[in-house]
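**Q** I'd like to ask some things about the structure below.
The values are calculated or read from the model by the stated rules, or taken from the named source; none is laboratory data. Being a predicted model, the structure only gives us computed values, none of them experimental. Glycine gets a Cβ as well: all are built from the backbone with ideal geometry, and neighbour counts include every protein chain shown. Surface accessibility is based on the protein's heavy atoms, side chains included, excluding ligands, DNA and RNA. Shrake-Rupley method; radii C 1.70, N 1.55, O 1.52, S 1.80 Å.
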Protein chains: 2
Amino acid sequence: MAVKRDTKNQILDIAEALLQERGFHAFSYQHIASKLGVKNAAIHYHYPSKNDLAVALVARYRRRFSRWSENLAKENAAPWPCFESYIETCRYLIESNKICVLGMMAAEFNTMAEEVQREIQLLQDEVVSYFSDLLKRGQEQGEFSFLGDAAHKALVLTCQLQGAMQFAQVKGSGVYNVVVDQLRAELKPQA
Amino acid sequence: MAVKRDTKNQILDIAEALLQERGFHAFSYQHIASKLGVKNAAIHYHYPSKNDLAVALVARYRRRFSRWSENLAKENAAPWPCFESYIETCRYLIESNKICVLGMMAAEFNTMAEEVQREIQLLQDEVVSYFSDLLKRGQEQGEFSFLGDAAHKALVLTCQLQGAMQFAQVKGSGVYNVVVDQLRAELKPQA
DNA sequence: GTCTATAGCGGGATAGAC
DNA sequence: GTCTATCCCGCTATAGAC
């Protein structure tokens, strides 16, 4: 039997899944507690207020994204595999009926405490700058082709993928495939 | 003094604004009632359950979009002004700290009753097909240039704009301007 | 059509035992 | 670190008077 992971992280795992499926205001400590097989007071022990939970949720997601992109950088992965790797991660989310934490939190941004809002901003910066670096590198290597500034194109790309995940919830994952195919075609250097 | 609009529509106006600012699960009948200067029982008289309200909200939004796009069609407006008109409508939303009803409902899709989900799907279809027709027309007239199918490009464009509105909440309306500028540049036929 | 009043539930949160 | 028990609040919703 595997060693039981510490409760604090398990709570975040469950809360993250609920956030991505339902949004922050549509799940409760009771939901987490029952999935974890404890009482809701146990959740409050680890995250006294739901606001604390929100901060921890976004912060962990951001750290994880950070590590993920740093690893890709270390491996010196080529532009297209880097791009496809992100695409695949999103596809996995969609198939579990989830959307990106960033997209959900962006939609719910106005209802979040300032502390959470700052975390969301940092997360957004990080995702956009990942794509910005990737696009720049790909352009230099002749792998990607696009108009204008890499930073601007990166912002558009991120918006597109966030929107695509949300639209895929509404009309099914076919929507996501269409969007991604179009993205690939538009990034490919023309013959 | 202006004639008092009927309560039923005023409720929808207020609920729509709250939905766009905060999301469906982050406003209550009390919020609506106090803004309207009545008691919450009055809201329940017009919309017995919150689910009824959700259906009415999306349905009205869809009818309004329908009329809006039909009027543009009747006027035989040129492709670029049609495009810019939509862009401006979205800009106005952002400046009021709101996002599109479609974007919010797409994020919250999983928590909605089936009846509401069907309305959201119809709304999404309608928006995408508006852009699909527009892009096709613009391409035929040599005003727009893009790769692949107009219907596919329309889907991408809609995702982009929904994402841009959400990201503008997080980092300010500058984000929206960057995205829109990029979109314009990419649609313009190359010299 | 709007009111007062209230039912009934579920939410976030805390105290204190174990 | 988790439990039981409980508080208090806000929410959706309804009944019945006006």
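**Q** May I ask you to list pairs of residues, at least six apart or on different chains, whose Cβ atoms are under 9 Å apart, with the first in the stretch B:34-50 being within 14 Å of chain A (Cβ to nearest Cβ) and the second being near DNA strand D (Cβ under 6 Å from one of its atoms)?
**A** Short answer, once both residue conditions are applied: B:Lys50/B:Ser28; B:Lys50/B:Tyr29.
**Q** Keeping to the stretch A:135-171, report how many residues are more than 10 Å from chain B (Cβ to nearest Cβ) and without any contact (Cβ under 8 Å) to a residue 12 or more places away in the chain.
**A** 2
**Q** Can you pull out the residues in the stretch A:51-72 that are within 19 Å of the chain's Cα centre (by Cα), in contact (Cβ under 8 Å) with a residue 24 or more places away in the chain and either more than 16 Å from A:Met105 (Cα to Cα) or near DNA strand C (Cβ under 9 Å from one of its atoms) (or both)?
**A** Passing the criteria: A:Leu53, A:Ser66, A:Ser69.
**Q** Run A:Leu19 past the list (1) more than 9 Å from DNA strand C (Cβ to nearest atom); (2) surrounded by fewer than 18 Cβ atoms within 10 Å (Cβ to Cβ); (3) of a type outside the set (Ser, Thr, Tyr) and report the number of the one that doesn't hold.
**A** Every listed condition holds for A:Leu19 apart from (2).
**Q** If you scan the stretch B:12-29, which residues turn out to be near DNA strand D (Cβ under 8 Å from one of its atoms) and in contact with a helix residue (DSSP H, G or I) (Cβ under 6 Å, 6 or more places away or on another chain)?
**A** B:His25, B:Phe27, B:Tyr29
**Q** Got a sec? Which of A:Gln190, A:Gln139, A:Gln160, A:Gln121 is open to solvent by less than 40 Å² (accessible area, probe 1.4 Å) and among the polar types (S, T, N, Q)?
**A** A:Gln160 is the lone residue from the list that is open to solvent by less than 40 Å² (accessible area, probe 1.4 Å) and among the polar types (S, T, N, Q).
**Q** Just the residues that are among the hydrophobic types (A, V, I, L, M, F, W, C) and more than 12 Å from the chain's Cα centre (by Cα), please, taken from the stretch B:100-135.
**A** B:Ala107, B:Phe109, B:Met112, B:Ala113, B:Val116, B:Leu122, B:Phe131, B:Leu134, B:Leu135
**Q** When you look at B:Arg64, is it farther than 28 Å from A:Leu102 by Cβ and crowded, with 16+ Cβ neighbours inside 10 Å, yes or no?
**A** Criteria not met by B:Arg64.
**Q** Another question, then. Restricting attention to the stretch B:172-181, which residues are facing another protein chain (nearest Cβ under 9 Å) and open to solvent by less than 10 Å² (accessible area, probe 1.4 Å)? Write out each step before concluding.
**A** Step one: of the stretch B:172-181, the residues facing another protein chain (nearest Cβ under 9 Å) are B:175, B:178-179, B:181.
Correct list: B:Val179 only.
**Q** Taking the stated definitions as given, is A:Ile32 over 23 Å from the mean Cα position of the chain (by Cα) and either open to solvent by less than 20 Å² (accessible area, probe 1.4 Å) or more than 15 Å from DNA strand D (Cβ to nearest atom) (or both)?
**A** No.
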